[in-house]
1. Hey, what number do you get for the chain at 222 nm if only DSSP H runs of n ≥ 4 count, each worth -39500 (n - 2.57), divided across all residues, to the nearest 500?
2. Would you indicate which of (i) 256; (ii) 112; (iii) 143 is the value of volume of the Cα convex hull per residue in Å³ derived from the coordinates of this structure?
3. Give me 72, 40, 134, 24 ranked fewest to most by other Cβ atoms within 10 Å of their Cβ, as a rough exposure proxy.
4. Could you list 11, 21, 110 so that the one with the fewest beta carbons within 10 Å of its beta carbon is first and the one with the most is last?
5. Considering Cα pairs under 8 angstrom that are at least six residues apart, work out the relative contact order of the range 5-137 and quote it in whole percent.
6. Give me the percent of DSSP beta bridges within the chain that run antiparallel, rounded to the nearest 5.
7. What distance in nm separates the two pseudo spin-label positions at residue 102 and residue 73, each 7 Å out from Cα along the beta-carbon direction?
8. If you rank 137, 115, 130 by fewest surrounding Cβ atoms within 10 Å, what's the result?
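What follows is calculated from the coordinates using simple rules that are stated; it is not laboratory data. Treat the numbers as computed from the prediction; the structure is a model and nothing was measured. All Cβ positions, glycine included, derive from the backbone under ideal geometry; neighbour counts span all protein chains shown.
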């Protein structure tokens with residue numbers, strides 16, 4: 001993602017296009033999987049932004065709807081909401097050994113209640129599949 005595209009998305013969300021927000025946007029847009037705060041810090045921390053500034057940027061961008069926030073286990077992860085991602089939720093895979101998360105693009109899941117199912121559980125907003133990744137298997 002170019003800096004101009006990041007600036008446009010951040011401003012469209014009603015936020016100021018600060019250097020930290022733009023760098024966070026570029027980092028997540030260039031990632032093929034959701035990243036934790038620590039992973040984002042590892043990738044862009046050498047650019048002069050402290051971890052609290054990066055965390056604030058992640059939080060503000062997710063609250064503005066530009067990033068998705070995934071709360072899995074005790075780790076909060078963030079991912080860029082591309083046009084494809086905004087058109088529908090996609091499932092994620094979490095390795096139970098190493099903790100890496102991956103988007104399962106190209107996969108779809110359909111949950112269909114059995115006739116004997118009682119009252120609906122509510123709105124399902126995320127599908128998470130856990131297992132062992134290729135590296136840990």
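1. My calculation for the chain gives -9500 deg cm²/dmol from helical runs alone.
2. Among (i) 256; (ii) 112; (iii) 143, the one derived from this structure is (iii).
3. In order of increasing Cβ crowding within 10 Å: 134, 72, 40, 24.
4. Working: 11 12, 21 26, 110 5.
By the 10 Å Cβ count, ascending, the order reads 110, 11, 21.
5. Dividing the mean separation by the residue count of the range 5-137 yields 22 percent.
6. For the chain, the DSSP antiparallel bridge percentage is about 75.
7. 1.6 nm
8. Numbers: 137 8, 115 4, 130 11.
Result, fewest neighbours first: 115, 137, 130.
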